[in-house]
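A.B. asks: Quick one: this structure, given as structure tokens, is what I'll be asking you about.
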Amino acid sequence: SMDSADAQPDQMSNGSSTIEFLLLAFADTQELQLLTFWLFLGIYLAALLGNGLIISVVACDHHLHTPMYYFLLNLSVLDLGSISTTLPKAMANS
């Protein structure tokens, strides 16, 4: 018969851990850094314009004061908050 120790596979614990990380730039050359900066700036301005338009239209038009448009307004505000924290940092890094 088999021992109980032979029936179970050996389990090893994962001892690896990450203490720090290094954030590198997207590009090494100045031209590519400027290209990524302008690309991120265009994406950021398009997101600001689109979400600002949605927020202003839903807030100003009384026919749009329904639950569906309140959820759309909420998503636009959340998108503005999330993109305003990530993209300016990416633009500063590039």
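The values are calculated or read from the model by the stated rules, or taken from the named source; none is laboratory data. Predicted, not measured: the structure shown is a model, and the values here were computed from it. Cβ placement follows ideal geometry from the backbone for every residue including glycine, while neighbour counts extend to all protein chains displayed. These accessible areas exclude ligands, DNA and RNA; they are computed on the full protein's heavy atoms, side chains included. Shrake-Rupley method; radii C 1.70, N 1.55, O 1.52, S 1.80 Å.
A.B. asks: Select from the stretch 26-70 the residues that are outside any helix (DSSP H, G or I) and touching a helix residue (DSSP H, G or I) at 6+ places or on another chain (Cβ under 9 Å) and write down the one among them that is least open to solvent (accessible area, probe 1.4 Å).
C.D. replies: Of everything passing the filter in the stretch 26-70, Ala27 is least open to solvent (accessible area, probe 1.4 Å).
A.B. asks: Residue check: is Leu73 aliphatic (A, V, I, L, M), open to solvent by less than 60 Å² (accessible area, probe 1.4 Å), at pLDDT 95 or above and part of a helix (DSSP H, G or I)?
C.D. replies: So Leu73 passes the test.
A.B. asks: Restricting to the stretch 78-94, give me the number of residues that are of a type in the set (S, T, N, Q) and open to solvent by less than 40 Å² (accessible area, probe 1.4 Å).
C.D. replies: Adding up the residues that qualify gives 1.
A.B. asks: List the pairs whose first member sits in the stretch 34-51 and is in contact (Cβ under 8 Å) with a residue 12 or more places away in the chain, whose second member is of a type in the set (D, E, K, R) and in a helix (DSSP H, G or I), and whose Cβ atoms are under 7 Å apart, counting only residues at least 6 apart or on separate chains?
C.D. replies: Final answer for the pair search is Ala47/Asp79; Asn51/Asp79.
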